[in-house]
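The values are calculated or read from the model by the stated rules, or taken from the named source; none is laboratory data. Predicted model, so just to flag it, every value in this text is computed and none were measured. Cβ sites come from the backbone with ideal geometry, for glycine too, and all protein chains shown count toward neighbours.
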Amino acid sequence: MSQGKGNYLVIIQPKLLAPTGKVAAVDEVLKRMDQADATRGRDLFLSRHGANCASCHQLEGVGNVFAPGLADIGDRTDAEFLARSILEPNAAITEGFAMQVFTQHDDSAVAGIVLEETGREVKVATAGGVVLRVAKAQVAKRETLKQSAMPAAFGAMLQPQQVADVVAYLLQQKAKPSGFHFETQKDQVALWLDEKKIGTYLLKHPQLTRQAWINMKTHTGRQVTRNYPPQASDGADHPLMHPGIWMGFGHLDGQDYWRLQAKVLHDGFVQPPKVGPNHASITVRNRYQTADGKGEVCQEICRMEFRRHADGILLLWDSTFRNEQRDFYFGDQEESGLAVRVASPLRVKGGNGTIINHRGEKNGVGIWGKESKWFDYAGQIKGRHVGLLVAAHPDNPRLSWLHARDYGVVVTNPFPKQPKERREPYVKTWVKKGKPFRLRYAVLIHDTAQPIDPALAYQSMLQALKTTRN
């Protein structure tokens, strides 16, 4: 019998709910509104481990549209109405969202709200967000009930304070300027979300000679990447080379862009920055110059898209490299690929953070040099579970390995790993003249009340990667 060791990843599902056995009442909720926390309410509303309201309602671009829209509910009502709607859903039923029952000729029945109706069939959203199609020719009886499709179980499921938290979150949903927007200056672009600045993209910097996202924050305003420039509490290591979230290469056709020995020049926007309530994107052209400034190795078209996500903010990174004049190559330096430097509180060494890969291996000693579908570098900041979950696109040229350090940096490297570190490459990844070389990644900037399930979040990231433009 084999005595080999096995690796196991144990995922602990976050538990946002803790029913007491008592049924919450509206007056109990209203008494707790002064202590209500909208951030906690957001977690309860959107998370499948909370009230899971997003299975029917949609907010922040997350969820389904099987129930009344709530985007401006904070302008239309007050705390008492919202609390009563949650705890007593049958008291006031929005037109078009009453429960309907379709009894068919075989005596089976389908109950739910009508999403769409044609001359031949009815599309019905049933409990839990499952959509069924009912052929009208099979319907023997159709009834409209004086009952809301919203379940009446939230009074027992949620404690009064939790209902108050959800109400506080809903009261924030107002018809005011919200969503993503950019502020473009000569040398940088600032990204905002819902009136919070969440990061800055450096186009040009007097010392950092490649582009990068710096001082990245979560949707609640907690900083998730190291200060740039670093402060005294951040340590003195690599003060220029490790800015935040960036792409760098220690050996690209003989040039070292990682150690800032050669420059990457911003050459304008391929498309103007695009923004909306739930998405934002920026597409730039970068030119990789030789160290003497007289030549060019290649051009990069880089599209970076931000999306709202149930656990925070999702960044989709898509870079294509090309040279129309000659062949060029990528070396196998360990400092190559998409890199992140986390905020100091999240570090393994000197902070409260942990790095984990898809096999459940942990921290630099456990994951360095190993191929991995994803890694999560996470810890706590001001009572919230915060981190960066990074995954490479499965269609990248090869499965990435991790150059990971406990002091706060991880590089997702798509090139071969050297058998022994040296500056000259053992293996060159050649790109033919006029041919594209494409690298794609996803970065989830997560911020939740309870630790996320990274394996589950990875599946949503994978789906998002597959929907990016080909």
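Summary table below
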| quantity | calculated |
| --- | --- |
| Residue list for segment 338-354, restricted to those being assigned to a loop (DSSP other than H, G, I, E, B) and surrounded by 23 or more Cβ atoms within 10 Å (Cβ to Cβ) | ALA343, ARG347, GLY353 |
| Check on LEU30, within 27 Å of VAL131 (Cα to Cα), assigned by TED's automatic domain parsing to the domain that holds GLN161 and modelled with pLDDT of 80 or more | no |
| Among the candidates ARG398, ARG405, ARG440, residue that is in contact (Cβ under 8 Å) with a residue 12 or more places away in the chain, of a type outside the set (Val, Ile, Thr) and in contact with an Asp or Glu (Cβ under 8 Å, 6 or more places away or on another chain) | ARG440 |
| Any hit, segment 217-228, residues being in contact with a Ser or Thr (Cβ under 9 Å, 6 or more places away or on another chain), buried (at least 23 other Cβ atoms within 10 Å of the Cβ), at pLDDT 95 or above and not hydroxyl-bearing (Ser, Thr, Tyr) | yes |
| All strands (runs of 3 or more DSSP E) inside segment 244-318 with 2 or more residues being more than 18 Å from THR200 (Cβ to Cβ) and in contact with a strand residue (DSSP E or B) (Cβ under 9 Å, 6 or more places away or on another chain) | 264-275, 279-289, 296-309 |
| Segment 320-337: number of residues that are under 28 Å from the mean Cα position of the chain (by Cα) and surrounded by fewer than 18 Cβ atoms within 10 Å (Cβ to Cβ) | 1 |
| Qualifying positions in segment 218-236 - within 22 Å of ARG384 (Cα to Cα), among the small types (Gly, Ala, Ser) and assigned to a loop (DSSP other than H, G, I, E, B) | GLY221 |
| Filter result for ARG84 (loosely packed, with under 15 Cβ neighbours inside 10 Å, modelled with pLDDT of 85 or more and not small (Gly, Ala, Ser)) | no |
| Single unsatisfied condition, SER108 versus (1) closer than 30 Å to ALA457 by Cβ; (2) at pLDDT 85 or above | (1) |
| Whichever residue in segment 383-400 is in a strand (DSSP E or B) and buried (at least 22 other Cβ atoms within 10 Å of the Cβ) and, among such residues, is farthest from the chain's Cα centre (by Cα) | ALA392 |
| Some residue of segment 252-263 being of a type in the set (Lys, Arg), within 22 Å of the chain's Cα centre (by Cα) and not assigned by TED's automatic domain parsing to the domain that holds LEU46 | no |
| When residues of segment 188-205 are limited to those that are part of a loop (DSSP other than H, G, I, E, B) and modelled with pLDDT of 95 or more, the one farthest from VAL284 (Cα to Cα) | HIS205 |
| Test: residue in segment 416-432 that is surrounded by 16 or more Cβ atoms within 10 Å (Cβ to Cβ), more than 30 Å from LEU44 (Cβ to Cβ) and touching a Leu at 6+ places or on another chain (Cβ under 6 Å) | no |
| Number of the condition not met by ASN357 [criteria: (1) surrounded by fewer than 22 Cβ atoms within 10 Å (Cβ to Cβ); (2) modelled with pLDDT of 95 or more; (3) farther than 23 Å from TYR228 by Cα; (4) not β-branched (Val, Ile, Thr)] | (1) |
| Test: residue in segment 131-151 that is modelled with pLDDT of 85 or more and in contact with a helix residue (DSSP H, G or I) (Cβ under 7 Å, 6 or more places away or on another chain) | no |
| Out of ARG308, ARG285, sole residue that is basic (Lys, Arg) and buried (at least 18 other Cβ atoms within 10 Å of the Cβ) | ARG308 |
| Residue ID - modelled with the highest pLDDT, chosen from residues in segment 70-81 that are closer than 17 Å to LYS31 by Cβ and of a type outside the set (Asp, Glu) | ALA79 |
| Test set (1) buried (at least 21 other Cβ atoms within 10 Å of the Cβ); (2) over 18 Å from the mean Cα position of the chain (by Cα) - ILE198 fails condition number | (2) |
| Flag for ARG42 being in contact with a Phe, Trp or Tyr (Cβ under 6 Å, 6 or more places away or on another chain) and not in a loop (DSSP other than H, G, I, E, B) | yes |
